[in-house]
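Notes follow the structure.
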Amino acid sequence: MEKLRCQRIGCNAFFTEDDNPEGSCTYHDSGPLFHDGMKEWSCCKKRSHDFSLFLEIPGCKTGKHTTEKPVLTKPASAAPNRPVPAPTTTPSASSKENCARCRQGFFCSDHGSQPKEVNPKSSNTVASTSNESNQDLHESHPPPPKKVVDINQPQTCKNKGCGKTFTEKENHDTACSYHPGPAIFHDRMRGWKCCDIHVKEFDEFMAIPPCTKGWHNADPVS
């Protein structure tokens, strides 16, 4: 019988209709909260700053697997709504310095493209570094470090957006479809910087199709 993939958030396991007992599925039944770089499951209050570790937090509810897309409970807002300042015609360095996300080192869609004040003597070095970074982002992900494993042993890929089960015997340079990342959360929007797609709902974010091919990797990709 064909195996089906569970659609509950936090599960994603494969199952069959004949082998789906009560309690076989572990999942989260309410949506996540994102605030000041912190990711938290509102159903169990478990949290993490790292998005990959956040997705690995085990579910807090149990039940049967299902192929129906769940309707997540809307969590309460993590912070009261704040008045939106009137837009200014000319961006300034001071606005970036006052931005909480920029001060904490997170990507900010409001100031990410704002030019930085640099020393003219170092402008060539900055431009060269930027070009190299852009080239690295578009290069295919190199094969993961070799480990001593059974080539027929099932493993779970930890690349962002994949999560499939694979064996080293079947692994190759285009076997995995994934997001090299990073994930971006800002002003109630969720998205991936690698493919520049942003949505409002978390389940829509989880459904964004991967944009890169590469090797499956059982070790988390930073």
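The values are calculated or read from the model by the stated rules, or taken from the named source; none is laboratory data. Not measured: the values here are computed from a predicted model. For neighbour counting, all protein chains shown are included, and Cβ atoms are generated from backbone atoms with ideal geometry for every residue, glycine included. These accessible areas exclude ligands, DNA and RNA; they are computed on the full protein's heavy atoms, side chains included. Shrake-Rupley method; radii C 1.70, N 1.55, O 1.52, S 1.80 Å.
Can you run phi through the Karplus equation (6.51, -1.76, 1.60; θ = phi - 60°) for region 34-47 and list ³J(HN,Hα) in whole Hz, with x for Gly and Pro?
10, 8, 6, x, 8, 10, 9, 7, 5, 6, 10, 6, 7, 9
Mind listing the long-range amide H neighbours of Cys162? Cut-off is under 5 Å, sequence gap 5 or more, other chains count too, H placed in the peptide plane at 1.01 Å from N.
Counting only residues 5 or more places away or on other chains, the set is His179.
Karplus couplings for region 178-193 from phi (6.51 cos²θ - 1.76 cosθ + 1.60, θ = phi - 60°), rounded to Hz, Gly and Pro as x?
So the J values, rounded to whole Hz, are 8, 9, x, x, x, 6, 10, 10, 7, 6, 6, 9, 10, x, 10, 5.
Which net charge results when you count Lys and Arg as +1 and Asp and Glu as -1 among the other residues whose beta-carbon is under 10 Å from that of Asp29? Walk me through the numbers on the way to the answer.
On the way: positive: Arg8, Lys61; negative: none.
Spelling it out: positives minus negatives among the neighbours equals +2.
Under the rule of at least 5 residues apart or a separate chain, name every residue whose amide H is placed under 5 Å from the amide H of Cys43.
Sorted by chain and number, the residues that satisfy this are Ser30.
Counting only protein heavy atoms and a 1.4 Å probe, tell me what percentage of region 1-52's accessible area is made up of carbon and sulfur. All intermediate terms of the calculation are to be shown ahead of the outcome.
Values: 1230 of 2880 Å².
That fraction is 43 percent.
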